[in-house]
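Reading through the structure tokens given below for one structure.
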Amino acid sequence: MRRWVPVFALILLGVVAGPVASAPVVAAPTGSDALRVDLDEILADPRLAGSHAGVVVRDPETDEVLYSRQPEARATPASTAKLFTAAAALEELGPDHRFRTEVRAAAPSAGPLLLGDLYLRGTGDPTMLAADYDRLAEQVAASGVRVVQGRLLTDDTWFDDVPLGTGWAWDDEPYYYAAPVSALTVAPNEDFDAGNVLLRVSPTAAGAPVRVDPEPATDAVRLDVRATTGEPGSESTLSVTREHGGDRVIVSGSVPADAEPAEEFTSVRDPSAYAADVFARALRAHGVHVAGTAEGTVPAGARTIAEHESMPLRELLVPFLKLSNNGHAEVLTKAMGRQARDEGSWPAGIEVLTERLAGLGVDPAALRLVDGSGLSSMDAVSPGRLALLLDAVRQRPWFADFHAALPVAAQPDRFVGGTLRNRMAGTAAAGNVHAKTGSISGVTTLSGYVTAANGRPLVFAVMFNDFLGDSPNDLEDAIAVRLAEYSGPGERPSGIPAVPRQNTAEVGGESDLECSWTKSC
């Protein structure tokens with residue numbers, strides 16, 4: 001039978017035998033343990049319930065991993081995949097790589113008459129503006145050619161004829177961030193959104209159709225203008241949509257009579273034909289007559305009449321990474337394939353890309369990339385591999401160019417702050433964090449560099465996938481700010497940093513897209 005000891009007896013025993021031993025005192029966490037406590041608290045946010053959250057923080061000077069959660073669990077990287085593409089391109093193509101666009105002819109000339117066809121040949125330059133085609137036309141005119149007996153033939157065979165990446169959503173096709181990739185194209189602006197036309201939609205009189213002006217002027221898209229001008233002060237319901245698989249662009253809705261002209265982008269169906277149209281117009285403006293345009297391949301031995309070289313890759317990295325330009329990523333991917341395999345295709349380019357990653361210590365077997373931009377939902381990488389890449393490239397001779405091209409937190413200049421220009425203002429991360437963002441539906445990622453409060457350089461990778469509702473990118477920011485506040489071994493937990501949350505509604509953005517894709521940053 002179990003015998004019970006009265007409580008007063010236990011008390012008496014305690015008095016006789018002396019005090020009962022107290023529980024050991026647990027010291028408050030310090031240093032990296034304190035950092036772990038705070039990062040764990042950030043990641044306990046209920047918005048991440050049921051989602052994937054992977055985070056890795058490394059000290060590259062000691063190779064110490066300061067924080068790790070699901071380091072090798074692969075997830076969709078979105079635009080942080082561009083970090084892999086940029087690093088591989090710098091390795092394979094080199095920071096001085098330039099794209100070349102040429103005008104050639106094989107037929108002889110008789111005075112001002114070219115007795116045959118004129119060829120426009122591209123190698124993928126995504127920075128070709130209408131002004132650059134105008135300068136090419138000026139060179140043709142200066143060569144003495146005034147009449148082309150044949151046609152203007154476009155040669156875009158430097159790349160294959162597959163215009164859209166594997167796994168790209170069909171309903172993204174009309175939008176400028178998913179423009180077709182071609183060796184010959186036109187950019188409508190100095191963001192170099194190649195393969196797109198900028199449509200300037202202006203109100204007229206109330207009740208009358210709006211005015212639509214394409215920039216540059218082109219017939220590469222067929223405008224179907226249904227939009228009208230609304231009463232002053234009315235709501236804008238403007239919509240610009242290119243039909244799936246076609247070149248007809250429907251402009252519908254209403255624009256208030258007192259509104260400023262609206263700017264809308266649309267991708268083109270055929271970038272090479274777009275380039276031919278823009279160049280033919282430039283030729284005519286310089287007094288060079290061409291009967292028509294078509295496709296063709298430059299014959300062997302054709303002479304060069306005019307040429308243009310792009311900015312070097314080290315400069316192209318700025319609009320590429322700051323503004324998260326998908327087209328630049330895909331052009332670089334195909335260019336790597338062309339240079340190393342003599343095949344300007346995604347399969348060849350991805351093969352070269354992964355080989356260059358292996359040379360940087362990133363095991364290609366541990367990730368899957370099917371495009372260079374991260375627009376495909378089939379891409380899969382882990383935060384551990386992203387952090388490893390960021391660590392490894394610090395030793396490469398081109399690292400300064402790579403680092404300078406990353407978006408910088410809370411810097412208002414678009415070509416400095418990029419996709420981080422509206423984030424982390426008034427915190428220790430402002431002007432400190434250099435990192436690549438990534439954002440598509442259900443995905444937000446942030447990977448890059450930060451200098452801690454103790455002066456230590458840190459690399460970090462944050463990947464959130466499969467969340468519901470608005471993007472929790474403020475949690476990414478909180479992690480980056482906490483790392484900027486990290487003071488080393490003696491510090492104690494400080495809790496979740498106060499980080500202003502970006503209001504996408506205020507800046508006209510959509511929470512599931514890169515802000516640069518909606519032109520809101």
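The values are calculated or read from the model by the stated rules, or taken from the named source; none is laboratory data. Since this is a predicted model, take the numbers as computed values, not measurements. In this analysis, Cβ positions are derived from the backbone assuming ideal geometry, glycine residues included, and neighbour counts consider all displayed protein chains.
Which condition breaks for Gly150 when tested against (1) surrounded by fewer than 22 Cβ atoms within 10 Å (Cβ to Cβ); (2) of a type outside the set (D, E, K, R); (3) touching a Ser or Thr at 6+ places or on another chain (Cβ under 9 Å); (4) closer than 21 Å to Asp117 by Cβ?
That leaves (3) as the condition not met.
How about the stretch 238-314: which strands (runs of 3 or more DSSP E) wholly inside it have at least 2 residues that are farther than 29 Å from Ala329 by Cα and touching a strand residue (DSSP E or B) at 6+ places or on another chain (Cβ under 8 Å)?
Output list reads 248-252, 254-256, 303-309.
How many residues does the stretch 113-123 contain that are outside any strand (DSSP E or B) and among the charged types (D, E, K, R)?
The qualifying residues number 1.
Determine the pairs where a residue that is closer than 23 Å to Ala280 by Cα, located within the stretch 213-230, has a partner that is of a type in the set (Val, Ile, Thr) and not in a loop (DSSP other than H, G, I, E, B) with Cβ atoms under 6 Å apart, the partner being 6 or more residues away or on another chain.
Pro214/Val197; Pro216/Val278; Thr218/Val278; Val221/Val197; Val221/Val249; Leu223/Val212; Leu223/Val249
Given the structure, is Val249 crowded, with 19+ Cβ neighbours inside 10 Å and more than 13 Å from Pro271 (Cα to Cα)?
yes
Would you mind finding the one in Gly337, Gly349, Gly372 that is part of a loop (DSSP other than H, G, I, E, B) and either at pLDDT 95 or above or touching a Lys or Arg at 6+ places or on another chain (Cβ under 8 Å) (or both)?
Gly372
So which of Gly94, Gly50, Gly111, Gly122 ends up being buried (at least 24 other Cβ atoms within 10 Å of the Cβ) and farther than 23 Å from Pro457 by Cβ?
Gly122 is the lone residue from the list that is buried (at least 24 other Cβ atoms within 10 Å of the Cβ) and farther than 23 Å from Pro457 by Cβ.
Could you list, in sequence order, the residues of the stretch 400-459 that are among the small types (Gly, Ala, Ser), in a loop (DSSP other than H, G, I, E, B) and touching a Ser or Thr at 6+ places or on another chain (Cβ under 9 Å)?
Answer for the stretch 400-459, where residues must be among the small types (Gly, Ala, Ser), in a loop (DSSP other than H, G, I, E, B) and touching a Ser or Thr at 6+ places or on another chain (Cβ under 9 Å): Ala409, Ala410, Ser441, Gly442, Ala452, Ala453.
Give me the residue from the stretch 178-210 that is surrounded by fewer than 24 Cβ atoms within 10 Å (Cβ to Cβ) and of a type in the set (Ser, Thr, Tyr) and, out of that set, farthest from Gly122 (Cα to Cα).
The residue in question is Thr204.
Among residues belonging to the stretch 473-501 that are part of a loop (DSSP other than H, G, I, E, B) and crowded, with 22+ Cβ neighbours inside 10 Å, point out the one that is modelled with the lowest pLDDT.
The selected residue is Val499.
Out of Ala410, Ala400, Ala404, I need the residue that is in contact (Cβ under 8 Å) with a residue 12 or more places away in the chain and over 17 Å from the mean Cα position of the chain (by Cα). Which one?
After ruling out the rest, the residue left standing is Ala410.
Can you tell me which residue among Glu343, Glu307, Glu330 is surrounded by fewer than 18 Cβ atoms within 10 Å (Cβ to Cβ), of a type in the set (Asp, Glu), farther than 21 Å from Ala131 by Cα and in contact with a helix residue (DSSP H, G or I) (Cβ under 9 Å, 6 or more places away or on another chain)?
Unique residue meeting the criteria: Glu343.
Tell me which of these Ala227 doesn't satisfy, since it passes every other one: (1) over 24 Å from the mean Cα position of the chain (by Cα); (2) surrounded by fewer than 19 Cβ atoms within 10 Å (Cβ to Cβ).
The number of the failed condition is (2).
Wholly within the stretch 29-112, which strands (runs of 3 or more DSSP E) include no fewer than the required count, namely at least 2 residues that are closer than 30 Å to Leu283 by Cα and touching a helix residue (DSSP H, G or I) at 6+ places or on another chain (Cβ under 8 Å)?
Qualifying strands (runs of 3 or more DSSP E): 100-105.
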